[in-house]
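What follows draws every value from the coordinates through simple rules; no lab data is involved. These numbers were taken from a predicted model, which means no experiment stands behind them. Cβ atoms come from the backbone with ideal geometry, glycine included; neighbour counts cover every protein chain shown.
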Protein chains: 2
Amino acid sequence: MSSATVSHVINSSRYVAPETRKNVLRAIKDLRYRRDGIARSLRRSSTGTIGIMVSDISNPFFAELVRGLEDVIYARGEQNNVILCNTDEDVEKERRYLDVLLEKRIDGLVIAPAGGNRAYLRELILKGMPVVLADRVLSGVGADAVVVNNREASREATAYLNGLGHRRVGILKAALSASSIEERFSGFREALESVGVSLSAELVVVSRSDIEAACQAARHLLDVPDPPSAVFATNNFMTLGLMRTIAERGMSCPENLSIVGFDDFPWATAFRPHLTVVSQPAYAIGREAALLLFARLGEGKDAPPVTKVLRAKLLIRESCAAVKHGSGRMGDRLVRPSTREWCSPAGAPAPQLASRGSLRPR
Amino acid sequence: MSSATVSHVINSSRYVAPETRKNVLRAIKDLRYRRDGIARSLRRSSTGTIGIMVSDISNPFFAELVRGLEDVIYARGEQNNVILCNTDEDVEKERRYLDVLLEKRIDGLVIAPAGGNRAYLRELILKGMPVVLADRVLSGVGADAVVVNNREASREATAYLNGLGHRRVGILKAALSASSIEERFSGFREALESVGVSLSAELVVVSRSDIEAACQAARHLLDVPDPPSAVFATNNFMTLGLMRTIAERGMSCPENLSIVGFDDFPWATAFRPHLTVVSQPAYAIGREAALLLFARLGEGKDAPPVTKVLRAKLLIRESCAAVKHGSGRMGDRLVRPSTREWCSPAGAPAPQLASRGSLRPR
DNA sequence: TTGTAAGCGTTATCAA
DNA sequence: TTGATAACGCTTACAA
């Protein structure tokens with residue numbers, strides 16, 4: 001019973017006589033033998049480990065994304081597993097973690113990049129490391145990517161506000177060098193421009209991407225001389241900061257302020273106000289990222305990079321009201337309060353009147 | 001310039017002439033050499049990898065816990081990192097994952113155990129694997145543990161409801177074989193008994209621990225012939241399910257129903273109703289677990305197991321009202337609506353009237 | 001049908 | 001002050 005035979009029994013990698021195999025299995029059991037995965041990885045030069053880097057796992061969006069990823073990876077069996085890294089949007093931390101993961105010889109990487117390690121990532125990919133960008137793209141690195149239609153969805157959301165008569169619309173912009181945020185901003189601006197409104201600087205407030213900072217930013221935004229009648233929040237931290245600020249000030253939504261957030265929450269229909277949001281399929285983003293990665297680990301090693309765009313959807317709930325006569329600026333038209341007032345952009349499907357945004361299978 | 005010398009330069013593990021060292025460093029840079037962590041782990045028989053097993057990373061409680069853990073582990077440097085495993089409270093899945101982690105030769109394990117692998121875990125520990133239980137204990141396995149004072153906190157929360165005059169109090173009990181849930185249940189029962197109320201079976205509803213199931217359970221609970229005037233939810237999924245159900249039915253809290261949840265949410269003060277909850281220091285649980293683990297990886301290899309108990313705190317907000325005259329059952333006393341009506345159990349500090357439960361450092 | 005032995009890239013011992 | 005070499009535990013080509 002040589003080590004070779006044992007190996008072959010464990011891996012079913014060549015014929016072993018039933019008798020021998022039985023003996024091997026018995027010995028394994030008796031000795032509580034467990035194969036050493038490290039030695040195995042060394043020999044096979046593949047670890048079965050995937051790196052996942054996000055800014056913060058306690059952000060529900062990333063938690064869902066990671067969950068989607070992990071489910072696919074676990075289902076693949078074969079000792080596959082996931083090393084989790086939180087970068088806090090810190091470029092330096094991201095780079096250090098990339099080094100750690102490379103030393104650990106991960107088989108592949110899924111990353112929501114902070115934005116400052118483009119060259120490093122390109123080099124990695126050139127060397128043959130499979131990399132999938134999730135949630136954000138990074139132009140020119142040649143990686144696969146899974147994102148959502150940020151720009152269109154934001155345009156749609158803003159158009160919805162416009163349809164309710166809002167012309168003075170503020171935006172809370174997370175200070176991330178992430179393509180997603182920029183695209184959301186573009187969509188926002190385009191929608192306003194298409195109804196003849198050009199962005200005024202004081203209605204664009206940039207904020208560090210955490211709840212505390214978002215509170216501050218929201219205060220600024222609401223304190224401008226002629227405050228907005230509606231606000232678009234570019235991610236879930238911005239939304240939470242805004243809602244906290246509103247609560248602090250005893251304002252009520254949608255009576256005093258209409259709000260659309262980017263990102264849904266599992267508790268959106270359980271608490272008031274029921275927020276109108278652009279819902280992202282976070283779980284699916286993670287899942288698709290894993291699938292893209294596996295594709296590249298298999299045959300498609302040198303296929304050209306693909307970008308998968310999933311659909312973010314406007315979920316109309318109860319945080320937006322039509323502007324009241326006289327409350328808008330000069331030039332505002334009277335708009336009757338009806339959520340049906342709003343029209344889809346040509347060709348786009350009408351937004352759903354949905355009660356729940358969870359896209360997670362059970 | 002032998003491989004030995006290179007190794008010593010990288011690890012500063014013995015004196016190397018400045019000249020040589022410079023050459024080595026230059027070569028490393030030129031060749032873009034990176035040490036192979038797998039070979040290193042094989043040779044040193046230690047990987048720097050910690051396994052973390054929770055039921056579901058998309059549960060905000062576990063996300064915070066994992067974040068606390070990861071922060072400490074990252075700060076330790078030295079190629080330390082974390083493999084994340086979601087068990088879904090599934091004993092079989094937990095066992096499979098344990099096998100994977102052992103093959104990967106993790107240096108230590110932090111686990112919120114599903115409850116069915118006690119013998120397996122004990123054996124692991126006996127073999128010398130450092131294990132820290134988080135959130136839940138498992139008697140007799142000899143592992144370190146970090147938990148909160150579930151029973152006392154639940155008793156306190158229930159006493160608060162009693163103080164508001166509630167005698168017919170329901171409980172949504174998550175169906176987990178986790179010590180935490182059992183302890184919360186005990187505290188709940190004890191508090192009721194101490195005001196002379198014995199539990200009626202129809203007010204104890206057990207539910208699978210996810211939002212969907214919790215909704216179902218909440219419907220059952222509210223549909224009993226003589227429905228409760230207050231409900232205690234034993235974890236955040238139970239709370240969310242309950243709130244959804246209330247919203248569905250157009251009931252309002254605290255007018256129609258008083259509610260206390262276990263687990264706080266970062267958005268608790270941003271949306272209505274502002275829930276009164278028992279807040280757990282999730283981040284700190286993760287952090288302490290990591291510290292316990294490192295202690296065991298260092299000197300305290302064979303020290304007796306320690307259990308660290310952190311304090312969960314009742315945060316009184318606005319989801320509980322005093323029972324109205326006549327709305328209670330026969331025997332209910334009239335209780336004036338005042339949150340100060342309630343008294344701390346002897347010796348316990350009065351609960352804080354807090355606005356925010358986040359315990360996370362920035 | 002099974003065994004032998006090389007080799008994966010480190011680190012650590014011993015020798016020089 | 002540095003180099004040669006064994007060993008970590010596995011997989012796999014080759015031999016028997």
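Nothing charged except the Cβ atoms of Lys and Arg (+1) and of Asp and Glu (-1): what's the magnitude of the dipole of chain B about its Cα centre? Round to the nearest 20 debye.
Here chain B has a charge dipole of around 1240 debye.
List the residues whose amide H sits under 5 Å from the amide H of B:Arg272, counting only those 5 or more places along or on another chain, with H placed 1.01 Å from N in the peptide plane.
Here A:Arg272 satisfy the definition.
Between copies, how far does the label point of B:Thr5 sit from its twins, in nm, shortest first, when each point is 7 Å from Cα along Cα→Cβ?
4.7
By how many degrees, 0 to 90 and rounded to 10, does the Cα axis of helix A:18-31 deviate from the longest principal axis of chain A?
70
Of A:Ala218, A:Ala233, A:Ala268, which is the most mobile in a GNM of chain A whose springs link Cα atoms less than 10 angstrom apart?
Comparing A:Ala218, A:Ala233, A:Ala268 in a Gaussian network model of chain A, the most mobile one is A:Ala268.
Figure the gain on full extension for B:Ala175 and B:Arg43 (residue separation times 0.36 nm, minus the Cα-Cα span) and round it to one decimal in nm.
Using 0.36 nm per residue and subtracting the Cα-Cα distance, I get 43.1 nm.
How long is the gain from A:Thr5 to A:Tyr33 if the chain were fully straight, where each residue apart is worth 0.36 nm and the alpha carbon distance is subtracted?
Gain on stretching A:Thr5 to A:Tyr33: 8.6 nm.
Under a 5 Å amide H to amide H cut-off, with H placed in plane at 1.01 Å, what residues pair with A:Val278 once short-range neighbours are removed?
A:Gly261, A:Phe262, A:Asp263, A:Leu315
How high is the relative contact order of chain A, in percent, counting Cα pairs under 8 Å that sit 6 or more residues apart?
Relative contact order comes out at 17 percent.
Would you kindly derive the ³J(HN,Hα) couplings of region A:289-301 from the backbone phi angles with the Karplus curve 6.51 cos²θ - 1.76 cosθ + 1.60 (θ = phi - 60°), listing them in order in whole Hz, with x for Gly and Pro?
4, 4, 5, 4, 5, 5, 4, 6, 6, x, 6, x, 3
Anything over 22 Å Cα to Cα? Flag those among B:Lys104/B:Lys127; A:Lys104/B:Lys308; B:Lys173/B:Lys324, in the order listed.
A:Lys104/B:Lys308; B:Lys173/B:Lys324
From the label point of A:Gly140, set 7 Å from Cα along Cα→Cβ, how far away are the matching label points in the other copies, in nm, ordered shortest to longest?
Spacings between copies for this position, smallest first, are 6.5 nm.
Got a sec? Charge dipole of the protein assembly as shown, +1 on Cβ for Lys and Arg, -1 for Asp and Glu; which of B:Met243, A:Asn86, A:Ala201 is way out at the positive end?
Most positive-ward Cα: A:Asn86.
With springs only between Cα atoms under 10 Å apart, run a GNM on chain A and tell me which of A:Leu257, A:Leu31, A:Leu199 wobbles the most.
Maximum fluctuation in the GNM of chain A, among the listed residues, is at A:Leu31.
Between the label point of B:Asp30 and that of the same position in each other copy, find the distances and list them shortest first in nm, with every label point placed 7 Å from Cα along the Cα-to-C-beta direction.
5.6
For chain A, the longest stretch holding no GluC sites (Glu not before Pro) located in a DSSP loop with at most 10 other Cβ atoms within 10 Å is which?
It runs A:79-254.
Give me the inter-chain shielding for B:38-47: mean count of other chain Cβ atoms within 10 Å, whole number please.
Across B:38-47, the average partner-chain Cβ count within 10 Å equals 5.
So what are the ³J(HN,Hα) numbers for region A:41-48, from phi and the Karplus equation (6.51, -1.76, 1.60; θ = phi - 60°), rounded to whole Hz, Gly and Pro as x?
4, 4, 5, 7, 6, 6, 10, x
Long-range amide H contacts for B:Ala134: which residues qualify at under 5 Å (H placed 1.01 Å from N, peptide plane, sequence gap of 5 or more or a different chain)?
Here the answer is B:Ile111, B:Ala112, B:Val146, since their amide H atoms fall under 5 Å of that of B:Ala134.
Need one value for A:260-267: mean number of C-beta atoms belonging to other chains within 10 Å of its residues' C-beta atoms.
Per-residue shielding by partner chains comes out at 3.
From the backbone phi of region A:185-191, what are the Karplus-calculated ³J(HN,Hα) couplings (6.51 cos²θ - 1.76 cosθ + 1.60, θ = phi - 60°) in whole Hz, Gly and Pro given as x?
5, 4, x, 4, 5, 4, 4
Looking at region A:106-183, which trypsin sites (Lys or Arg not before Pro) are in a loop (DSSP not H, G, I, E or B) and have at most 15 other Cβ atoms within 10 Å?
When the trypsin sites (Lys or Arg not before Pro) of region A:106-183 are filtered for loop state and at most 15 Cβ neighbours within 10 Å, A:Lys127 remain.
Please compute, for the alpha-carbon atoms of region A:178-233, the extent along each of the three principal axes and give them in descending order in Å.
The Cα atoms of region A:178-233 stretch 33, 31, 15 Å along the principal axes, largest first.
Using only the Cα atoms, work out Rg/Rh for chain B, with Rh taken as the Kirkwood radius, to two decimals.
My calculation puts Rg/Rh at 1.11.
Modelled label-to-label distance, B:Asp99 and B:Lys22, 7 Å Cα→beta-carbon offset: nm?
In this crude spin-label approximation the distance works out to 5.6 nm.
When Cβ neighbours within 10 Å are restricted to other protein chains, what is their mean count per residue of peptide A:294-305?
That works out to 0 on average.
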